[in-house]
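These notes concern the structure reproduced below.
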Amino acid sequence: MASSSTSFAHRRSSKYDVFLSFRGKDTRKNFVDHLYHALQRQEICTYKVDKRITKGKRICGELIRTIKDSKFYNIVFSRKYASLSWYLNELVKIMEYHNDKTTENTAFPVFYDVAPKEVSHQRRVVRKAFAKNKNKEAVGKWREALKEAIDLAGWELKNTADG
């Protein structure tokens, strides 16, 4: 899987300082690119998936290792973040490592042009994504991961013309 990462400024206990979780179509060419380049300028080793996600594909072992090998997770919730099982499964893994008391991994939610309540109450697109999936066990894990992520202290950003 293709990825972008800044070079190491020095040795770290984690392979990456930051793992960016986002829905590419919603945020790749605006907020996420700005965030990634800002982190890169500060020599913060950041992982950003650059390859398009294929619908119906499972998270590969390489991506799971990358999530595990990251110290911080920036989860960029957007209007359609939860529209594909890929992003929801990625979120489940992030929250598993965030909640693992043997690690120091930390997740930070960013709500980009979507209110936390909209995500937490599974309104609109989120509700549709959940309704599409027939796997009740997966849906239960997604709901729990969303609830846990939304309950974390984070940032709510409104999409504006001037960025």
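The values are calculated or read from the model by the stated rules, or taken from the named source; none is laboratory data. These numbers were taken from a predicted model, which means no experiment stands behind them. Quick reminder, even Gly has a Cβ in these numbers, built from the backbone with ideal geometry, and neighbours come from all protein chains shown. The protein model used for the area step is the full one, side chains on, heavy atoms only, and it has no ligands, DNA or RNA in it. Shrake-Rupley method; radii C 1.70, N 1.55, O 1.52, S 1.80 Å.
Structure values in brief
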{"quantity": "Count - residues of segment 64-75 that are surrounded by 24 or more Cβ atoms within 10 Å (Cβ to Cβ) and either hydrophobic (A, V, I, L, M, F, W, C) or touching a Cys at 6+ places or on another chain (Cβ under 6 Å) (or both)", "calculated": "1"}
{"quantity": "Complete set of residues in segment 65-87 that are closer than 12 Å to ARG23 by Cβ and either among the aromatic types (Phe, Trp, Tyr) or modelled with pLDDT of 90 or more (or both)", "calculated": "ILE75, VAL76, PHE77, TYR81, TRP86, TYR87"}
{"quantity": "Identity of the residue in segment 25-64, part of a helix (DSSP H, G or I) and acidic (Asp, Glu), that ends up modelled with the lowest pLDDT", "calculated": "ASP26"}
{"quantity": "Check on LEU20, buried (at least 18 other Cβ atoms within 10 Å of the Cβ), not small (Gly, Ala, Ser) and not in a strand (DSSP E or B)", "calculated": "no"}
{"quantity": "The listed residue being at pLDDT below 80, part of a loop (DSSP other than H, G, I, E, B) and β-branched (Val, Ile, Thr), out of THR102, THR160", "calculated": "THR160"}
{"quantity": "Yes/no for THR6 being modelled with pLDDT of 85 or more and open to solvent by less than 20 Å² (accessible area, probe 1.4 Å)", "calculated": "no"}
{"quantity": "Of the criteria (1) open to solvent by 10 Å² or more (accessible area, probe 1.4 Å); (2) in contact with a helix residue (DSSP H, G or I) (Cβ under 7 Å, 6 or more places away or on another chain); (3) within 22 Å of CYS45 (Cβ to Cβ), which one LEU91 fails", "calculated": "(1)"}
